[in-house]
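The values are calculated or read from the model by the stated rules, or taken from the named source; none is laboratory data. Since the structure is predicted, the reported quantities are computational estimates derived from the model, not experimental observations. In this analysis, Cβ positions are derived from the backbone assuming ideal geometry, glycine residues included, and neighbour counts consider all displayed protein chains. To get the accessible areas, we keep the full protein, side chains included, count just its heavy atoms, and leave off ligands, DNA and RNA. Shrake-Rupley method; radii C 1.70, N 1.55, O 1.52, S 1.80 Å.
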Amino acid sequence: MAIQRKLFQQLKDWKNRPAHKALLIDGARQVGKTFAVRQFAAECYEVFLEVNFVKTPGAKSIFEGDLDAAAIILGLTAYSGTALIPGKTLIFFDEIQECPRARTAIKFLVDDGRFDYVESGSLLGVTYQHVDSLPVGYEDELRAYPLTFAEFAVAAGIRPEVLDEARRACEAQEPVLPAINDRLIRAFRIYMAVGGMPAAVQAYVDTGDLARVLEVQRGILTLYRQDVSKYAPNKVHVNAIFDSIPAQLDKKNRRFKLSDLAKTARMERYESDFMWLADAGVALPCYNVSAPTVPLQINLQHNLFKLFLCDCGLLSAASVGAVQFDIIQGDLSINQGSFLENVVAQELLAHGFSLSYYDKSKVGEVDFVLQRGSVVLPVEAKSGSDFKIHRALDNLMDVEEWGLERAVVLCSGNVEKDGRVTYLPWYAVSFMEQERLPESFVVRV
């Protein structure tokens, strides 16, 4: 069974835009970028030419001379033996970080206008500095993420209309039908262990075997470490940060402490290494805010942060011991809270939110603080059955000068509203969307 992705629809939306540019798809390795492009091309184009600069490094020679569109297209045709049809051809440059001049050439190819172009690759965020001239104004950008819970649930056999009914109830702030709620909570526990990497999800869908899933996840973690060895400027620092993420998240407040890496570690020496992992899409930084007021961006404290992995399944695979079974069974003797927060972080990011949290001694720690338009929304992720106890959240809401009107607690229960706090089941995070401008939003002076 092929996994259905929102990414596929985003590709079709891009194609349908009048006079669209080239499309640059960024994101961590193994999130399904290449598969989605191939599926999209098979359905929407008569001709598909894929150039992978890792598998066929000789293709780089096409871009060694003058970056003239006619010469490049002639070179692509000769190299591939593929006849290209204007208006009906998609040319896909995969692993484009290995050929910076191909990235530069995009502006000339787009101006030529005969064909559509998609660029993709791993580590684009950490290799852009090697491009002599970025094609500014000639690329639309799209960030690819692991499967969200909603995508995972459909792949695992839950009908879309079941999710639609759960979404409707959550948005209406009324209880989800118990049978649906119980099933989705169970599916969410499985998602915490399996995660959203397409290969891991496919292994689960095909076999239901967590041992097979774990094998796939560990293979992906190995690929990430190989990328560090190949690309990271300071391999020792980046590897140390990457390997310590599970242990750092296992701590009570989950804040990343440099002193745990080395007693002499200082942020000015490690900051670029954290950003390398973030730019590679492997790690997700979540910064503390000095005050939960808009705009949150100016209140970020970049020296205080939590660091999540890009995928909760990879976090479970990187943790000590076989934790997948415990997560699925709801065994709270393991620190399930760290896995739950990681899921929430990756879901929020995939739905357009920036990640931040609040932690001050007089108030306590609130897991996430989101900005949606002009509204600040505190969000707590509770893994236990005592989810109605949230002192830090109450303290935050009681600070009058901040004027916070409502908060959300994600929990193992059902939808319930109690004053300013709305309790939502864990899976409701997959229904949360950042506000966006409509497709047509014309403003004139």
TODO: Scan (1) closer than 19 Å to E174 by Cα; (2) without any contact (Cβ under 8 Å) to a residue 40 or more places away in the chain; (3) surrounded by fewer than 20 Cβ atoms within 10 Å (Cβ to Cβ) for the single condition C411 breaks and write down its number.
DONE: (3)
Open item on the list: Pull out all pairs, ordered by first then second residue, where Cβ-Cβ is under 8 Å, the residues are six or more apart or on different chains, the first lies in segment 133-148 and is aromatic (F, W, Y), and the second is part of a strand (DSSP E or B).
Closed with: Y138/A22
Task: Unmet criterion (only one of (1) farther than 28 Å from V154 by Cα; (2) open to solvent by less than 50 Å² (accessible area, probe 1.4 Å); (3) at pLDDT 90 or above) for G219 - done: (1)
Task: Pairs with Cβ under 8 Å, 6+ apart, first in segment 15-39 and within 23 Å of D279 (Cα to Cα), second open to solvent by 40 Å² or more (accessible area, probe 1.4 Å) and part of a helix (DSSP H, G or I) - done: R29/L223; Q30/A199; Q30/L223
TODO: Output the residue which, of all residues in segment 67-77 that are without any contact (Cβ under 8 Å) to a residue 40 or more places away in the chain and of a type outside the set (G, A, S), is most open to solvent (accessible area, probe 1.4 Å).
DONE: L74
Task: Conditions (1) under 25 Å from D311 (Cα atoms); (2) at pLDDT below 95; (3) of a type in the set (G, A, S): number failed by S133 - done: (1)
- [ ] Output yes when any residue across segment 223-231 is open to solvent by 40 Å² or more (accessible area, probe 1.4 Å), touching a residue at least 24 places away in the same chain (Cβ under 8 Å) and assigned to a loop (DSSP other than H, G, I, E, B), and no when none is.
- [x] no
Task: Condition broken by A22, with the remaining ones in (1) surrounded by fewer than 19 Cβ atoms within 10 Å (Cβ to Cβ); (2) modelled with pLDDT of 95 or more satisfied - done: (1)
Task: Members of segment 167-199 found to be open to solvent by 10 Å² or more (accessible area, probe 1.4 Å) and of a type in the set (V, I, T), listed by number - done: I180, I185, I190
Task: Members of segment 79-101 that are over 16 Å from F53 (Cα atoms) and either under 27 Å from the mean Cα position of the chain (by Cα) or not basic (K, R) (or both) - done: G81, T82, A83, L84, I85, P86, G87, T89, L90
TODO: Can you tell me which residue within segment 109-121, out of those that are more than 30 Å from D279 (Cβ to Cβ) and in contact (Cβ under 8 Å) with a residue 40 or more places away in the chain, is least open to solvent (accessible area, probe 1.4 Å)?
DONE: D112
- [ ] Select from segment 62-111 the residues that are farther than 18 Å from L23 by Cβ, among the acidic types (D, E) and in contact with a Lys or Arg (Cβ under 9 Å, 6 or more places away or on another chain) and list them in ascending order.
- [x] E64, E98
Open item on the list: Checking A83 against (1) over 29 Å from E151 (Cβ atoms); (2) modelled with pLDDT of 95 or more: exactly one of these is not met. Which one?
Closed with: (2)
TODO: Would you be able to tell me the number of residues in segment 14-41 that are touching a Phe, Trp or Tyr at 6+ places or on another chain (Cβ under 7 Å) and of a type outside the set (V, I, T)?
DONE: 10
Open item on the list: Just the residues that are out of contact with any helix residue (DSSP H, G or I) (no Cβ under 9 Å at 6 or more places or on another chain), of a type in the set (G, A, S) and closer than 14 Å to Y117 by Cβ, please, taken from segment 56-100.
Closed with: G87
Open item on the list: I'd like to check something: does segment 157-171 contain any residue that is at pLDDT 95 or above and in contact with a Ser or Thr (Cβ under 6 Å, 6 or more places away or on another chain)?
Closed with: no
Task: Any helices (runs of 4 or more DSSP H) falling wholly within segment 309-412 and containing at least 2 residues that are at pLDDT 90 or above and either under 15 Å from C286 (Cβ atoms) or of a type in the set (V, I, T) (or both) - done: 312-318, 336-350
Open item on the list: Looking at segment 78-108 only, could you name the residues that are open to solvent by less than 10 Å² (accessible area, probe 1.4 Å), of a type in the set (A, V, I, L, M, F, W, C) and either closer than 19 Å to K15 by Cα or out of contact with any Phe, Trp or Tyr (no Cβ under 9 Å at 6 or more places or on another chain) (or both)?
Closed with: L90, I91, F92, F93, I106
